[in-house]
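One structure is given here, and the rest of the page talks about it.
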Amino acid sequence: MKGKHILFASAITAATFGCTSKTTEGDTATTAVEASDSMKQKLDMYTTVRLTSDLSHLSENERKMIPLLIEAGDIMNGLFWYEAYGKRDSLMTALNDDQLKRFVQINYGPWDRLNNNEPFVPGVGPKPDAANFYPADMTKEEFEQANLKDKTSQYTFLRRDANGKLITVPYHVQFKDQVKRVSDLLKQAAALAEEPGLKKYLNLRAEAVLTDNYQPSDLAWMDMKNNKIDVVIGPIETYEDKLFGYKAAHEAYVLVKDMEWSQRLAKYAAFLPELQRGLPVPAKFKTETPGTDSDLNAYDVVYYAGDSNAGSKTIAINLPNDEEVQLKKGTRRLQLKNAMRAKFDKIMEPIADELIVEDQQKHVTFDAFFANTMFHEVAHGLGIKNTVNNKGTVREALKEHASALEEGKADILGLYMITQLQEKGELEGDLKDYYTTFLAGIFRSVRFGAASAHGKANMVRFNFFKENGAFERDEQTGKYRVNYEKMREAMNKLSEKILTLQGEGDYAGVGNLLNNQGQVSPQLQADLDRLSKANIPVDIVFEQGVDVLGLK
């Protein structure tokens, strides 16, 4: 990988502006203007949001913890750069255009994450499925044949020794100096923590980054309930590994809990076992009992870093990913209320005005958007974690397809949960609000591109809904109308299909579904292009950090 980065680095600056020995001054000036306009359009896909929160209810010690956690989080940026690309410094040094540098920083590399990872720096080839987790010249077959016991670990890199043979390098070895600093910062924050559960979690997480043994800290994280401050930090999601979906990438969120909203949400986790039993799928696919120690909480997020900050921004989290912890303790669903609100106001409402028929636009509401997002996270706890035919966990059996199908499952079962709870009288609001907002949400998410697990999952659902009549498109206005009865039927049908594919660990079947249904049709692309022409941003970037929060 080293040679590749150095090879094109020296040529990037000239290539960016189309400067070759054969161009005239006029041609060069025109090309430079076009390149500048093109990059401005790319940057305009994002709108800037200040990440703030009311910190007045925090104690002095809690306020002192936040800068320490932000500093630890910032280290995740460098670790994720290494995982996603490799040589950040040589790339950034070779660029002399500020707009281009900014876009590279947003994407943590030279590939446009909202445009199917298309390269936007001249001289850069396609984004490797292996990212920087595996050697660039390693084949899948070579990996499968390698006799390395920790090769599928979420926390090892595959590298070559002096003889060219595959070896594994644990994250905590590769990042020895960085994780030592993170550990020290987490321990300093733990010393300030007044809530016992938070203190225990921070100390265990400080140990985890030094050993790559995250389960004890995950269990402690699930046990803590009364903390006002939280941090999610470490190698967590496996989306960046598109070769196998094994390797976790580093990220961080620093969070301030909204205690009042969290209290309102707490009751829903108790319904998980009952909802699991009612899933529209044969009994063998719902024999697992989801943990009821799960909880739902609302937060203001005050810092994003690494994987969570690359391209499209997460507005809700469902963790831990460890299946053993999930079965023992359940999961925690974190709703990032301030980031969610920003996306609704700046993106969702304008999309609804453009693509939803006028008489249904009133059904696109923030409360429905919040609930759809929240129950997406809750629904990760439903269904099946282990295959019914001894193929191991669903994640192991489905490999690089696992993330996209799991996101699709969570979306569709989230809507299923809303339908069930609303009819039980446990959830307020009109089902039309949830269903219409759900369709508007698909338009928002498919703009992230099919390279994103969430984008591909949304595309599958859009095409499935279309085939099953869940909506119609008005040819004259180019706007969409939800057919509420047929959407419900399609919801149940797709739920059964996804849960069956997961339960059977049907790798080939999932591949076919994603390839056949995960495509953007020319008609839909034309409609999405209208959103860009209307200057509706695709996603958000942040002004964030200690200064934005008014902390020193």
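None of the figures in this text is laboratory data; all of them are computed from the coordinates on show. Quick caveat, the model's predicted, so the values are computed rather than measured. Cβ coordinates were reconstructed from backbone atoms using ideal geometry, including for glycine residues, and neighbour counts include every protein chain displayed.
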Quiz prompt | Most positive-pole-ward Cα, 183, 494, 448, against dipole of the chain from beta carbon charges | solution = 183
Quiz prompt | Dipole in debye (nearest 20) - the chain, about Cα centre, beta carbon charges: Lys, Arg +1; Asp, Glu -1 | solution = 820 debye
Quiz item: Excluding same-chain residues fewer than 8 positions from residue 165, which aspartates and glutamates have a Cα within less than 13 Å of its Cα?
Solution: 137, 142
Quiz item: Of the listed peptides 273-281, 361-369, 374-382, what is their order by residue-averaged count of other C-beta atoms within 10 Å, with the highest listed first?
Solution: 374-382, 361-369, 273-281
Quiz item: Over the range 107-147, how many percent of alpha carbon pairs lie in each 5 Å bin up to the one with the longest distance?
Solution: 5, 21, 25, 18, 12, 10, 7, 1
Practice problem: With r as the distance between the Cβ atoms of residue 359 and residue 142 and R0 = 56 Å, compute the FRET efficiency 1/(1 + (r/R0)^6) and round to 0.05. | Solution: 0.45
Quiz item: Computed from the mean reciprocal separation of all distinct C-alpha pairs, what Kirkwood hydrodynamic radius does the range 58-136 have, in Å?
Solution: 14.3 Å
Quiz item: For residue 100, what is the net charge nearby, where nearby means another residue's Cβ is under 13 Å from its Cβ and Lys, Arg count +1, Asp, Glu -1?
Solution: 0
Exercise. Would you mind calculating the gained length between residue 327 and residue 284 on full extension (0.36 nm times residue separation, minus the Cα-Cα distance), in nm to one decimal?
Key: 13.8 nm
Practice problem: Please express the shape of the range 385-517 as an equivalent ellipsoid: the semi-axes are the square roots of 5 times the eigenvalues of the C-alpha gyration tensor, given largest first in whole angstrom. | Solution: 26, 18, 12
Quiz item: Among the listed pairs 466/533; 87/456; 337/432; 64/176; 329/466; 87/391, which are separated by more than 30 Å between their Cα atoms?
Solution: 329/466; 87/391
Practice problem: Could you order peptides 308-320, 49-61 by the average number of other Cβ atoms within 10 Å of their residues, highest first? | Solution: 308-320, 49-61
Quiz item: Can you give me the Cα centroid spacing of the range 128-148 and the range 350-398 in angstrom?
Solution: 32 Å
Practice problem: From the C-alpha gyration tensor of the range 98-183, pull out the three semi-axes of the equivalent ellipsoid (sqrt of 5λ each), sorted largest to smallest, in whole Å. | Solution: 28, 19, 11
Exercise. Net charge near residue 505: determine it from the other residues with C-beta under 12 Å of the C-beta of residue 505, scoring Lys and Arg +1 and Asp and Glu -1.
Key: +1
Quiz item: Rg to Rh for the chain: what is it, with Cα atoms only and Rh by Kirkwood?
Solution: 0.95
Practice problem: Could you name the lysines whose alpha carbon sits less than 16 Å from that of residue 200, not counting residues in the same chain fewer than 8 places away? | Solution: 187, 225, 228
Self-check item: Mean Cβ neighbour count within 10 Å, used as a protection proxy, ranking 176-185, 392-401, 242-251 highest first
Solution: 242-251, 392-401, 176-185
